[in-house]
Amino acid sequence: MSSLHRPVDLPTWPGVIERYRSFLPVTPRTPVITLLEGNTPLLESARLGPRMGLRLLFKLESVNPSGSFKDRGMTVAVSKALEAGSRAVICASTGNTAASAAAYAARAGLPCLIVLPAAGVAAGKLAQAFAHGALVVTVDGGFDTALAVTREVSARLELALVNSVNPHRIAGQKTAAFEICDVLGAAPDLVVLPVGNAGNITAYWRGFVEYQAAGLITAPPRMVGVQAAGAAPLVDGRPVERPQTVASAICIGNPASWQGAVAAVGESRGRFIKVSDDAILAAQERLAAEEGILVEPASAAALAGLQELAMAEPPRGRTVVCVLTGHGLKDPGALPGAAAPPPPVAPTGEAVSRAVLSLLG
Ligand SMILES: *Cc1c(COP(=O)(O)O)cnc(C)c1O
């Protein structure tokens, strides 16, 4: 029998709850709702890292089932909602939480309600939420307003709130830190990630601290949180009334996990850094053109931040993990090549050869 025709094996990756069960708030009675999230690649940079003198690794969270890291937390939050007997889940979202909640709720057979800020939700993310059958309410205002009202409604109607203010979300998201340590056999020197509502940086830090307490790593990494210049409350030290950035996933003026983010950066002797929208889009283009990795703008902010850091204080020879949080197809409007293709040429070998040669230059 040819090796190409072996019987198909069942997947050996069981999803983050089964893989890291002892670190998570689940019991044998918790119904596990999973789409086999996690186990995402840690891909070594081909060009950008070597150019900075770094061993740079990209954690490709865009490879999760709904295309962002939100799935790690959502598998736990939705499983716990089902265990608690909730009749529906609800979240406020700039897009990726909605897409993830809608997918896991569909899997669980629960209704999913999404409260959308009127402005700043990427087309691909909304399409995902609708495809999974989510019920959508739009409210005037930005994300911070939408989250405040959603917290009130979830309490009033007794619906399970699955934003990252839900501790089960943070618990699930810390598994990304576990995976990085499991692959490297140690913690990296530096972890760089974009920060919006600050749940993810809080979760990574918790993951590293728990792995150290368990004796699985000797020291945690420094944490670098990157914000967009127009939405940088943690860099500036105060909430931003009207946050604005092309990176819609981190367009948040008053992060719910503010304290967690400050603790992560403070205890790890890391830092917050802000980058311009131009730097974010340039980083997005470089990742696509020089590494073959397509991400949405918020994810590219992490690379932009690292590049700015590397210019100021070159951290040569170090192992750096840059967390690429969400897929580029989610926000096609933010892609540089979103313009139309060139006008057609005659469908002959000669005409197409001429066009090809002129493109090659
Ligand atoms: C949610 C999200 C972020 C921000 O994560 P927080 O936990 O809100 O700080 C960054 N990038 C992408 C793609 C996201 O979906």
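The values are calculated or read from the model by the stated rules, or taken from the named source; none is laboratory data. Note that the structure is a prediction, hence the values are computed from the model and not measured. Cβ atoms come from the backbone with ideal geometry, glycine included; neighbour counts cover every protein chain shown. Just the protein is used for accessible areas: all its heavy atoms, side chains included, with ligands, DNA and RNA removed. Shrake-Rupley method; radii C 1.70, N 1.55, O 1.52, S 1.80 Å.
So which residue, out of 332, 255, 233, gets the largest mean-square fluctuation from a GNM of the chain using Cα contacts under 10 Å as springs? Looking only at 332, 255, 233, the biggest GNM fluctuation is shown by 332.
For the chain, what is the calculated [θ] at 222 nm in deg cm²/dmol (nearest 500), taking -39500 (n - 2.57) for each run of four or more DSSP H residues and dividing by its residue count? So the helix-based figure for the chain works out to -12000 deg cm²/dmol.
Once the Cα-Cα distance is subtracted from the 0.36 nm per residue extended length, the residue 152 to residue 47 segment shows a gain of 33.0 nm. For the chain, a Gaussian network of Cα nodes joined below 10 Å ranks 259, 244, 307 by mean-square fluctuation, and the top entry is 259. Per atom type, the chain shows carbon and sulfur on 56% of its accessible surface, probed at 1.4 Å. Full extension of the chain between residue 84 and residue 360 yields a length gain of 93.3 nm, computed as 0.36 nm times the residue separation minus the alpha carbon distance. Between residue 131 and residue 311, the modelled labels are 3.7 nm apart [label points 7 Å from Cα along Cα→Cβ].
Taking all Cα pairs closer than 8 Å and separated by 6 or more residues, the relative contact order of the range 20-141 comes to 21 percent.
Per-residue extension of 0.36 nm, minus the Cα-Cα distance of residue 29 and residue 186, leaves a gain of 53.2 nm for this segment.
Taking trypsin sites (Lys or Arg not before Pro) across the range 283-361, the ones in a DSSP loop with at most 10 further Cβ atoms lying within 10 angstrom of their Cβ are 316.
State, as an integer percentage, the relative contact order of the range 85-166 based on alpha-carbon contacts under 8 Å between residues 6 or more apart. Here the relative contact order equals 39 percent.
Can you check what the Kirkwood hydrodynamic radius comes to for the range 70-166, Cα pairs only, in Å to one decimal?
12.8
Taking the centroid of alpha carbons for each part, the range 178-213 and the range 97-133 are 27 Å apart. Any chance you could check the Cα centroid distance between the range 268-303 and the range 16-63 for me, in angstrom? When both Cα centres are located, 19 Å separates them.
Rolling a 1.4 Å probe across the protein heavy atoms gives the chain an accessible surface of 45 Å² per residue. If you take every DSSP beta bridge whose two residues both sit in the chain, what share of them, in percent to the nearest 5, is antiparallel? About 15 percent, rounded to the nearest 5. Diffusion coefficient (Stokes-Einstein, Kirkwood radius over C-alpha pairs, 4 °C, 1.567 mPa s) for the range 274-361: 84 µm²/s, rounded to a whole number. The value obtained for the chain, namely the Cα convex hull volume divided by the number of residues, is 185 Å³ per residue. For residue 17, what is the net charge nearby, where nearby means another residue's Cβ is under 14 Å from its Cβ and Lys, Arg count +1, Asp, Glu -1? Net of charged neighbours comes to +3. Across the range 216-300, Cα-Cα distances exceeding 21 Å account for 38% of all pairs.
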